[in-house]
Structure formats: C-alpha cells, structure tokens
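Structure first, commentary second.
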Amino acid sequence: MNSPVAIGVGTREIVVGARVPRLLRLRKPASAAEPASVAIPEEQCCTEPGALDALRAALAETLIATPAADTAPVPQEFVQKRSAYMVLDDFWGNHAILRGDFRALRARELEEIALAHFTDTYGMDGASLVVRFSVQRGGRALFASAMSRELLDGIHDVSTAEQVGISRLTLCLPEMLNCIGDAVEGGEALLLFVADEQMQAVMIEQNRWVAYDAQRLFPGDAGDASRLAELAEQLFERSATRANLKHEDCKIYLFGVETELAPFEARFAAAIRQAPATDRSPAHRLMECAQ
C-alpha cells in the first residue's frame, strides 16, 4: 500500500502504475499489477478539472487494488503516504530556451527573466504561473518551463487527499532531453518531438540546447507525415541560430508518434528515428517516463 507510484498525466487519460526500482526494472516480475487507467471524458479532455477528476479516480483505484484480497484492512492512522513520480504531457505547460549571458546571475534573477518571457510571450499573469529553469552548459542558454499554479496546486491537493506525496513532478520534454544526453552526435541538429496535440522542436549545437519552438497540431496532423515534415521545416526556420544554416544541411531526429521518414529525408540532410513509439497510449508512455 505504501509502495511508490509512477503517474502519467495525458490530455485524455491518466495512468498510475507501480514505480519499480531501477535495478529491478529489467526483471519484469510476472506478479506486477497492471497500471490503473482512467479516461478523461471527451467533454473534459484538455481541461484542468477533467485531469484532476481523472487523477483522483486513478489514485483511488490504485489504493483499492494494491492490497491482496485476503489482507486485513489497515487502520487509517497506520497508513503512510505513498511517494509518486509524475510526468505530464507538455500540453499542460510551456517551454522556452533563452539565449544570453546567464553565468553571473542568481537564481531569483533567472526566475524573473523566465517569468517575464512567459508573461510577455503568452500574455499570462505572472502570479498564475510556476516556473522551473536550468542554465545550460557554458551559461549562454536558459531552459525554462512554466505551468499553471492552479493546476499544480490542484494536483497536490488531490494527491494529499489520496495519501500520496508528490516526490517529483515534471513536464515530459525536460525528461526526454535529459534521457537523450549526448546520444545525438555533434554539430547542428533538430530534435522533433511529435505528440497528438502538438509538435516541439529543439535545436542543438555541439550537444547544447540553443533554441525551442512548438506548433499546435490539429486532428489528423499527427498521422500525416508530409504535413509534419512541412511543419518541421517551418520550426527549423524559426529555430535556426545561424543565418547560413539551411535545413538541407541539418539532421533531424524524430521522437514520439510513428511516422514515415521519406518526407523528412526529402527536406533535411538526414532523418533519424529515435526511441520509436510503442503501441501504448500517450499517458501510458508518460507513466513509463516517470519510472
């Protein structure tokens, strides 16, 4: 009952599963319970109330399902909080890579810079946002993310009510970028992350993240490789940091939904499929990322 859990928060589904220690993940114990999945009703998809209601139901389901059938009920005063690691779809937040000299700035100053960017770019009230950031190697780029404070508070309220303590909460893109590490060879490249609702691009130079852009997708776009390749070229044009850098000379690395490579190969120097998507749902993949 007190074992840690991994939570994937999608736009249409919440998935909660047991968080397996790193050393045991390759063993795949046969007795591992299937993750609990709760769909967000169609009319509430992509809304904070819908996500919070589904999260409450998913956590309640895992709490009920965890004990064995012949196990005596545990008095409430002896129930300890489970820890949870949560990864949210990037739909629930915003990202940015800011360029400048951040080497001598303090954390509070960096937070103010990131907050100013999100409020100016999206017209949001700064008090409604929670910002996280990290200075990239060399101190010339700042990776920042912003989330709704109301959604974050709601997640913690729901989790607390279900005896779950959030140990780590993050959007998906930072987790993906950290996992990639130096897997992409040096030089310029475009990392393209395609999900059902949006496509995100990160330009890298010498294994450093230097620019970010995103494009919201409409129904049917994610399954249309030619349309995705066209949008990828537009993202490249907006993200390129050198005027003489052409998409024909840049490699593109594809992450996320499965798609044909040919339209991308026609526009870029090379198209490389990385971490092919499984047949699991997006929320299930987010839960696996939280592992």
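The values are calculated or read from the model by the stated rules, or taken from the named source; none is laboratory data. Every value quoted in this text rests on a predicted model; they were computed, and no experiment measured them. Neighbour counts are summed over all protein chains in view; Cβ atoms, including those assigned to glycine, are modelled from backbone coordinates with ideal geometry. These area figures cover heavy atoms from the full protein model, side chains too; ligands, DNA and RNA do not enter into them. Shrake-Rupley method; radii C 1.70, N 1.55, O 1.52, S 1.80 Å.
Numbers below:
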quantity: Label point distance in nm, Ala60-Gln234, each placed 7 Å from Cα along Cα→Cβ; calculated: 4.2 nm
quantity: For Arg12, solvent-accessible area (1.4 Å; no DNA, RNA or ligand), Å²; calculated: 110 Å²
quantity: Label-point separation in nm, Arg103 to Ala116, each point 7 Å along Cα→Cβ; calculated: 2.1 nm
quantity: Of all accessible heavy-atom area on the chain, the percent that carbon and sulfur account for (1.4 Å); calculated: 51 percent
quantity: Segment 80-122 - Kirkwood radius from inverse mean 1/r over Cα pairs (Å); calculated: 13.2 Å
quantity: Net charge contributed by nearby residues that have their C-beta within less than 13 Å of Ala39 (K/R +1, D/E -1); calculated: -4
quantity: FRET efficiency for Met124 and Ser226, using Cβ-Cβ distance with R0 set to 41 Å, rounded to 0.05; calculated: 0.75
quantity: Nearest-10 value in Å² for the accessible area of Leu231, using the 1.4 Å probe; calculated: 0 Å²
quantity: Per residue solvent-accessible surface (Å²) - the chain, probe of 1.4 Å; calculated: 52 Å²
quantity: Dimensions in Å of the chain - Rg and Dmax from alpha carbons; calculated: 20.3, 70
quantity: Sites Glu258 and Glu42 - FRET efficiency at Förster radius 25 Å, r taken between beta-carbons, to 0.05; calculated: 0.55
quantity: Helix axis angle, 149-161 relative to the chain longest principal axis, alpha carbon, degrees; calculated: 20 degrees
